[in-house]
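The structure under discussion appears below in the form of structure tokens.
Values quoted throughout were computed directly from the atomic coordinates according to the rules given, and no laboratory measurement underlies them. What you see is a predicted model, and the numbers here were worked out from it, not measured in a lab. Note that we place each Cβ from the backbone using ideal geometry, even for glycine, and neighbour counts take in every protein chain shown.
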Amino acid sequence: MNFNYSDRDLFGQQLLVESYWRKEKARFFPYNWGANAGIVASQSDAEVYGLRTAVESQLPSLGSASGSLVWGADFENERISWTVRGGARHEWIHSDVADSVAFGGIWQAGVSEVLPGGTLKYEDTLYNLGAVYHINSAQEVFVNFSQGFSLPDIQRFLRDVRGSYDIHNLNAQAIKVDSYELGWRADWESLQANLTLFENRSDVTQYYDSVTRAQRLIDQKERARGVETSLTYHLDQVWSLGGTYAWTKGETRQNGEWRDLPATRVSPAKTTAFVQFDQQSYNLRLQGMRLESYDAGNGRKIEGYTTVDLLAGESLPVGKLEMGVYNLSDRNYETLYMQANAAAPYPHAEGRRVAISYALDW
């Protein structure tokens, strides 16, 4: 559930309020863990909510330069051909974890144990700085530095531990990432294109402990670098075609050398292509996706696969109707997630399926 409110004229300023609430319940497929536990399954619940407010105020103009101030977050100074953005923020994250049944006690010892919960607290100061150079009315190049700060996946970290595990051990490691981008983008009348080079760096690495069956955070450098590009060409007023390509190489620093990250942490190269018919009241889109094979040298080789989808949408007098036929060719394959995480033989992906939705905006 989301609630967003904006006011474009609050005493001459702009107000933005964003709030969200999300409740999740996940059930994991039953599995035979052996003599201690027999056939077991686990379930996790999560509730997430948050609130963000921002007020943007216009600053006095200095010649041809104008700008605005977003309280406590961003400052913008814009000229005809050069745009610079920078800012700083301090972020606090609190996660309340309730007491739960320790799944690790069931499958390891066949006993029911209580895993004590608690409150995990994280905070850090983050900075960002970026610049855009407008080559002409259709093209621009950009460079950007930003810092991200995120909470680890608490459910994955605690799902298989014993009742004796202290969840506050997670509090010692927060994931802070430095991101660098360099790119070019263009928008002509019939052609849109962009190309972005990126690198993300962190001093913390996540890994899956096969002994305790829990996620771990360790002080180990990590980096991911790659390229993303997209191209869209409009044949006429209604027909268009295009595609995207993304390649990422992820590595972690271990024993003095860089080693490839597994597919649980970095996605193999992916290519997409589409052709689309778009009228004012309805649209039709045929799209394909190719995921390349990937081998990080950890015994988990990912076999690539290709899928094709057909999507359609029509605007009704009230609302919009959308339909999708996914995995149009009814291809038999195993998803990246299953190949990277599950035990062989891997469960097959869903076959051909149809989804229908109706949306109403007011």
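Quick notes
- Taking the chain and dividing mean pair separation by its residue count, relative contact order in percent (alpha carbons under 8 Å, at least six apart): 7
- Three semi-axes of the equivalent ellipsoid, region 74-261, Cα gyration tensor, whole Å, largest first: 43, 21, 17
- Unit charges on C-beta of K, R, D, E only; dipole of the chain, Debye: 840
- Structural descriptor for region 74-261: relative contact order 15 percent, calculated from alpha carbon pairs under 8 angstrom and at least 6 residues apart.
- Label point distance in nm, Y127-Y245, each placed 7 Å from Cα along Cα→Cβ: 3.6
- A simple rule links phi to the HN-Hα coupling: the Karplus curve 6.51 cos²θ - 1.76 cosθ + 1.60 with θ = phi - 60°, which for region 120-126 gives 9, 10, 10, 7, 6, 9, 10 Hz, with x for Gly and Pro.
- By the Kirkwood approach, averaging reciprocal distances over each pair of separate Cα atoms, region 204-352 gets a hydrodynamic radius of 18.2 Å.
- Principal axis dimensions, the chain - Cα atoms, whole angstrom, descending: 74, 51, 49
- Computed lengthening from R353 to I218, 0.36 nm per intervening residue step minus Cα-Cα distance: 44.5 nm
- Distance between the 7 Å Cα→Cβ label points at D295 and A98: 4.7 nm.
- Distance between the modelled labels on W82 and Y233, one decimal in nanometres: 3.6 nm (7 Å Cα→Cβ projection).
- Furthest towards positive pole of dipole, G304, A263, F274, structure part region 214-335, Cβ charges: A263
- Note, ³J(HN,Hα) from phi for region 266-278, Karplus 6.51, -1.76, 1.60, rounded to Hz, x at Gly and Pro: 9, 7, x, 4, 9, 10, 10, 8, 8, 9, 9, 10, 9
- Partner lysines whose Cα lies under 21 Å from the Cα of K270, excluding those fewer than 8 positions away in the same chain, are identified as K249, K301.
- Largest GNM mean-square fluctuation across L321, L158, L120, computed for the chain with C-alpha springs under 10 Å, falls on L321.
- Rounded to the nearest Hz, the phi-derived 3J(HN,Hα) couplings of region 348-355 under the Karplus curve 6.51 cos²θ - 1.76 cosθ + 1.60 (θ = phi - 60°) are 6, 6, 5, x, 4, 8, 10, 10, where x marks glycine and proline.
- Taking the chain as a Gaussian network of alpha-carbon nodes connected by springs under 10 Å, the highest mean-square fluctuation of the residues E123, E228, E257 belongs to E257.
- In the chain, the DSSP-assigned H stretches of four residues or longer account for a calculated mean residue ellipticity at 222 nm of -1000 deg cm²/dmol, using -39500 (n - 2.57) per stretch and the full residue count as denominator.
- Cα-based reach from K121 at 18 Å (exclusive), listing lysines while leaving out same-chain residues under 8 positions away: K176
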